[in-house]
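Peer 1: Encoded as structure tokens, here's the structure I'll be asking about.
The values are calculated or read from the model by the stated rules, or taken from the named source; none is laboratory data. Every value quoted in this text rests on a predicted model; they were computed, and no experiment measured them. Neighbour counts are summed over all protein chains in view; Cβ atoms, including those assigned to glycine, are modelled from backbone coordinates with ideal geometry. Keep in mind that these areas ignore ligands, DNA and RNA; they rest on the heavy atoms of the full protein, side chains included. Shrake-Rupley method; radii C 1.70, N 1.55, O 1.52, S 1.80 Å.
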Amino acid sequence: MESFLINLLNGLSWGMLLFLISLGLTTVFGVLGILNFAHGSFFMLGAYLCMQIMHIMPSFWSGIILGPLVVALLGVVIERMLLRRVYGRDISFQLLLTFAILLVLDDAVRIIWGPGYHVVEPPALLSGVFTIFTRTYPVYRLFLVIAGPLVGLALWLFFQFSRWGKIIRAAAMDREMAEGIGIRVPLLFTAVFALGTWLAAFGGALAAPHQSLAPSMGERIIIESFIVVVCGGMGSFPGAFAGALILGLFESFGTVFLGSAQMAVPYILLAVVLLIRPYGFFGREV
Amino acid sequence: MATRRRGKNAITLSMALLALVACPFVLPIYWTMILTEILIMGLLAMSFNLLFGYTGLLSFGQAGFFGVGAYTTALFLSKIGSSLTVALLAALGTGAIAATVIGYLCVRRDEIYFAMITLGFGMMLYTVAHNWLDLTGGSDGMPLMNVPALNLLGREFSFFDPTVMYLFVLAVTALCIFFLWRVVCSPFGLMLTAIRENKQRLAFVGAGVQNLRLAAFVIAGALAGMAGGLFCLFNAMATPDILHWSFSSRPVLMTVLGGSGIFFGPLFGAAIFFGLKQVITSMTENWMVFLGIILVPVVVFFPHGILGSLIDWIRTRTTRTS
Amino acid sequence: MQRRFITTLLISMALVSLVLAAPAWSAKTVKVGFVYIMSGPFSAYGQFAKKGAELAVDEINAAGGINGHQVEAYFEDSTGKPDVAIRVLRKLVFQEKVDFLIGLDSSGVANTVVPSIPQMKTPLIITHAATPDVTGKVCNRYVFRISVNLPQNVKAAAMLAAATDAKTWTTIGPDYAFGHQSWEYFEKYLKELKPEMAFLPKADVAFPPFKTTDFNPYINKIMQSGADGVLVSLWGGNLIDFVRQGQEMGFFDGKRQVLMTLGAATEVLSALGDKMPEGLWVGTRYWFLANSSQRNQDFVKAYFDRFNEYPSYNAHGAYGALYTYKAAAEKAGSVDKEKVIDALEGLTVELPVGEITIRPEDHQALSDVSWGQTAAHSNYPIRILNPVKLFKAEDVTPPVAESGCQK
């Protein structure tokens, strides 16, 4: 029983982290139409910058607030200088451009911070363990289980009820129309990309106390968030939530039941979903 | 008029082929080896371009078929002990079979979904290669313990000689590329281009769009498998990494570098890629950064690829009003 | 028009290749090629090896070089992939024309690449990859290894395990040959020492995939399994994540005996700092404080002065390999590849780790193995080993017949 509970918590904590990151990816795709290969690199940068800031101001909270903001700024620069030029083009160019950005960012992190491993400590408030029956479980992971939906809820409320949220959704649905009624779409795009980047970096900073930092830590994230986004439906908020939850749980319980086939779980999920529902659970025809 | 042009093209092609055949005798050994790699990856890229440039399908899973071909050759040569021809034809065959099964499931989807589902299937093949310890040797890959000798006209040539390996690879790739050329020029090939241009209209006219796409996918898969078989022979190994999605990005990269609109574009893209790699790695060990930095302007400013842009530029300089 | 274009392209290709093919004039030097993982998640290993190699090159050159010629070192990145490794090996042999090869971190890469080494006709000393097969099933005339291999390290672990009172053993290791073989050999050796020892079946042990960052499910599985002894063959980033997460879950509460085959690697110890529990038995291929010889002290001091950190086993491996090559070249009186190979067989040389002898039958070096218990020490920022237990080479090295090598 307690084993089941622990696996459940594991799946949820990873799933919620994945949800935040995938949310960024899916929002960017929904509004800008770009699938950002470098999203995983922003995740990694968020973690590294959090660590770096903590060297200057030894508080996890400063790291997690400032780090992602810096990365979001980088996202703004990238969007204005590079992505803007390929908006109208074939999707393969956009993928390749973001892939090139991934190459540059990943190697840059290795050059700046070195190839070795780095470690980030969770804040005192959230460190330590609590007991479930006879077993201990880290408090920080529980924090992840709660933080994910909270941030997600805040964003959802923003998109549903605030003026800016509605504008973003309008621009996502029909770009030309939105421009026609006077919305400054280019500015909006920059803002949305910055938001997406911030989400990835925030996810990275959240993940930092929980896994060791190394260059290429974005690799796993990018493939899994791609899968979540595609399975959940491109541009769909609830889709990202459902997809991330399902993937997280499958992976966690998969380690127990599937042995070495566990590696294939994300891809099998992807194939099955796409075969049954070609646009993902909640997706619409683009 | 047209025959004269075709005659000229045939002459230039023959000259190019002759130059390629002469290469190993004038270049240092190491460059011969690089050229061999360019040919193998070029074949993979050209098979990819059949789907991308001609049919309008972006496949992120070609590495899967490449890997299937490589492992097939490794298995046939190491565990079954068959001859070279059988092993390579088996690579072609398994590539085609895998592509038929996977293609049947994939071709219904469009654009980004097609890319994602091919990525997914490619990664599933990767997982099999990575985890099935008994069959594939697991994550360490499978070394080719007995590289066969080439039996030609009664004489035996060893593949350990880089020149022999190169010429063999050149012969096989030239054959495959010639086959590809015939496909592209045939009515079938024209239909593929029509699919890329306007899928709906084609469907209205009654052409079986899905079947055409599937056929293209199978051909691409078969050729990718053959390239994989050659790879296995050249490196004396098959490893799971060649099925990973990041390896699938290579033919995409090479095609974009070279230009997807020209038949030989991907092959030139492969040459550019390896040339760039050589130059960059001789100067620094941070080659990924520089590859990314170079790739960015290429993608942004050269939508027709480097070769494509070069040809456009030459064309604008030399147009005659007639 | 198109013909003109193609002709220009061909001519320029020819010119470029002529320029690049022109051999550079240089004085006669001894060229050594190093192939390690320099990029990606495991680049720490290659970078450490490079440091050790650079130190050795400078020391040797300052003392007159090898047989009077200065040493030139070429470093190439294997990226941990066999096909890349073979490409750079070919580059070193055919383009840079090196006289000698040193390298290979990954056991997987080594296994797949070693069968192709004979066609390059250049000797290779392996300094890190521990798979028994390279001096076993796929051994050949050109490949040597001076570092401690998997069976040697695991035999020492088995001897330690036999001395504890754990009755049932399980394992957690990376899901590739290294993890599986570590367990296989451990079971075999421990059974020989204590036939009544119990081992968990395949379904109950843990082999997380290499890319795992979340070890909680596996930690859970082991803690549930009821085993009171655990062999941990995780390494690098995996080990760091595992130790941190294990701490949180109470894995190191003393209810089970834990042996970490690669726990004393300096990059792991530095990253963990005082998060590494004390009192765990950990092994490594070289521990900088194990050997009190002058040779070792000089090496550690020189390394620390130059790089401001203590030498890891990788750094020692590359350093030691170059000195071994030097000794062989001096014994042979030349750097001719075949003569050096003959000289290497049976060679005894003193390295910082101690005196090693290269067995002629399988080209594996006989080297002492050290394990120790983690302990805090005020002089050092990382956990050190105290006490250190030294296992003599002849006690832990399997006999040639067992290795499976037939050259």
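Peer 1: Failed condition for B:L119, given (1) within 19 Å of the chain's Cα centre (by Cα); (2) within 11 Å of another protein chain (Cβ to nearest Cβ); (3) farther than 30 Å from B:T55 by Cβ, with all others met?
Peer 2: If we test B:L119 against (1) within 19 Å of the chain's Cα centre (by Cα); (2) within 11 Å of another protein chain (Cβ to nearest Cβ); (3) farther than 30 Å from B:T55 by Cβ, just (3) comes out false.
Peer 1: For segment C:93-103, which positions are open to solvent by 10 Å² or more (accessible area, probe 1.4 Å) and either of a type in the set (A, V, I, L, M) or within 12 Å of chain B (Cβ to nearest Cβ) (or both)?
Peer 2: C:V93, C:F94, C:Q95, C:E96, C:K97
Peer 1: Given the condition surrounded by fewer than 20 Cβ atoms within 10 Å (Cβ to Cβ) and among the hydroxyl-bearing types (S, T, Y), answer yes or no: does some residue in segment C:341-351 qualify?
Peer 2: yes
Peer 1: Another question about this same structure. Mind telling me which of the residues A:V229, A:V265, A:V273 ends up being under 27 Å from C:N238 (Cα atoms) and outside any loop (DSSP other than H, G, I, E, B)?
Peer 2: Exactly one of A:V229, A:V265, A:V273 is under 27 Å from C:N238 (Cα atoms) and outside any loop (DSSP other than H, G, I, E, B), namely A:V265.
Peer 1: Report yes if C:S270 is surrounded by fewer than 22 Cβ atoms within 10 Å (Cβ to Cβ), assigned by TED's automatic domain parsing to the domain that holds C:F178, in contact (Cβ under 8 Å) with a residue 24 or more places away in the chain and among the polar types (S, T, N, Q), otherwise no.
Peer 2: It is true that C:S270 is surrounded by fewer than 22 Cβ atoms within 10 Å (Cβ to Cβ), assigned by TED's automatic domain parsing to the domain that holds C:F178, in contact (Cβ under 8 Å) with a residue 24 or more places away in the chain and among the polar types (S, T, N, Q).
Peer 1: Same structure again: Need the failing condition index for B:P251 against (1) more than 14 Å from every other protein chain (Cβ to nearest Cβ); (2) crowded, with 24+ Cβ neighbours inside 10 Å, just the number.
Peer 2: The failed condition is (1).
Peer 1: In the set A:T26, A:T98, which member is within 12 Å of another protein chain (Cβ to nearest Cβ), within 16 Å of the chain's Cα centre (by Cα) and either under 29 Å from A:T136 (Cα atoms) or part of a helix (DSSP H, G or I) (or both)?
Peer 2: Of A:T26, A:T98, the one residue that is within 12 Å of another protein chain (Cβ to nearest Cβ), within 16 Å of the chain's Cα centre (by Cα) and either under 29 Å from A:T136 (Cα atoms) or part of a helix (DSSP H, G or I) (or both) is A:T98.
Peer 1: In the set B:L150, B:L202, B:L212, which member is open to solvent by less than 70 Å² (accessible area, probe 1.4 Å), in contact (Cβ under 8 Å) with a residue 12 or more places away in the chain and either in a helix (DSSP H, G or I) or within 14 Å of chain C (Cβ to nearest Cβ) (or both)?
Peer 2: B:L212
Peer 1: Looking only at residues that are among the aromatic types (F, W, Y) and more than 11 Å from every other protein chain (Cβ to nearest Cβ) in segment A:232-258, which one is farthest from A:L9 (Cα to Cα)?
Peer 2: Of everything passing the filter in segment A:232-258, A:F237 is farthest from A:L9 (Cα to Cα).
Peer 1: While we're looking at this one, here's another question. Taking the conditions exactly as written (open to solvent by less than 70 Å² (accessible area, probe 1.4 Å) and away from chain B (no Cβ under 14 Å)), does A:V86 satisfy them or not?
Peer 2: no
Peer 1: Filtering segment A:259-282 down to residues that are open to solvent by 20 Å² or more (accessible area, probe 1.4 Å) and in contact with a Ser or Thr (Cβ under 6 Å, 6 or more places away or on another chain), which residue is nearest to the other protein chains (Cβ to nearest Cβ)?
Peer 2: The residue in question is A:M263.
Peer 1: Next question, about the same structure. Checking the conditions here, which among A:S252, A:S212, A:S216 is within 25 Å of A:L105 (Cα to Cα), out of contact with any Phe, Trp or Tyr (no Cβ under 6 Å at 6 or more places or on another chain) and among the hydroxyl-bearing types (S, T, Y)?
Peer 2: From the options A:S252, A:S212, A:S216, the qualifying one is A:S216.
Peer 1: Also, I was wondering about something else. Just checking, does segment B:254-267 include any residue being away from chain A (no Cβ under 13 Å), β-branched (V, I, T) and closer than 22 Å to B:R196 by Cα?
Peer 2: Among the residues of segment B:254-267, at least one is away from chain A (no Cβ under 13 Å), β-branched (V, I, T) and closer than 22 Å to B:R196 by Cα, which makes the answer yes.
Condition check ((1) open to solvent by less than 20 Å² (accessible area, probe 1.4 Å); (2) at negative phi; (3) outside any helix (DSSP H, G or I); (4) within 14 Å of chain A (Cβ to nearest Cβ)) across all residues:
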{"position": "C:Y74", "(1), (2), (3), (4)": "no, yes, yes, no"}
{"position": "C:V88", "(1), (2), (3), (4)": "yes, yes, no, no"}
{"position": "C:D105", "(1), (2), (3), (4)": "yes, yes, yes, yes"}
{"position": "C:A110", "(1), (2), (3), (4)": "yes, yes, no, no"}
{"position": "C:V113", "(1), (2), (3), (4)": "yes, yes, no, no"}
{"position": "C:A129", "(1), (2), (3), (4)": "yes, yes, yes, no"}
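Peer 1: Checking A:L142 against (1) within 14 Å of A:G24 (Cα to Cα); (2) out of contact with any helix residue (DSSP H, G or I) (no Cβ under 6 Å at 6 or more places or on another chain), which test does it fail?
Peer 2: Unmet condition: (1).
Peer 1: Which of the following residues is within 30 Å of C:S78 (Cβ to Cβ) and in contact (Cβ under 8 Å) with a residue 12 or more places away in the chain: B:H304, B:H244?
Peer 2: Going through B:H304, B:H244 in turn, just one is within 30 Å of C:S78 (Cβ to Cβ) and in contact (Cβ under 8 Å) with a residue 12 or more places away in the chain: B:H244.
Peer 1: Within segment C:217-241, can you find the residues that are within 28 Å of the chain's Cα centre (by Cα) and among the small types (G, A, S)?
Peer 2: Listed by number, the residues that qualify are C:G229, C:S233, C:G236, C:G237.
Peer 1: Please list, ordered by first then second residue, the pairs with beta carbon atoms under 8 Å, 6 or more apart or interchain, first in segment B:255-282 and on the phi > 0 side of the Ramachandran plot, second open to solvent by 40 Å² or more (accessible area, probe 1.4 Å) and outside any helix (DSSP H, G or I).
Peer 2: Taking only residues 6 or more apart or on different chains, the pairs are B:G259/B:H304.
Peer 1: Considering each of A:V120, A:V145, A:V104, A:V76 in turn, give the residue that is among the β-branched types (V, I, T) and part of a loop (DSSP other than H, G, I, E, B).
Peer 2: Being among the β-branched types (V, I, T) and part of a loop (DSSP other than H, G, I, E, B) holds for just one of A:V120, A:V145, A:V104, A:V76, which is A:V120.
Peer 1: I want to confirm something. Restricting to segment B:268-290 and keeping residues that are open to solvent by 30 Å² or more (accessible area, probe 1.4 Å) and within 12 Å of chain A (Cβ to nearest Cβ), which single residue is nearest to B:G308 (Cα to Cα)?
Peer 2: By that ranking, first place goes to B:F290.
Peer 1: Determine, yes or no, whether A:V71 is at pLDDT 85 or above and either open to solvent by less than 50 Å² (accessible area, probe 1.4 Å) or out of contact with any helix residue (DSSP H, G or I) (no Cβ under 8 Å at 6 or more places or on another chain) (or both).
Peer 2: yes
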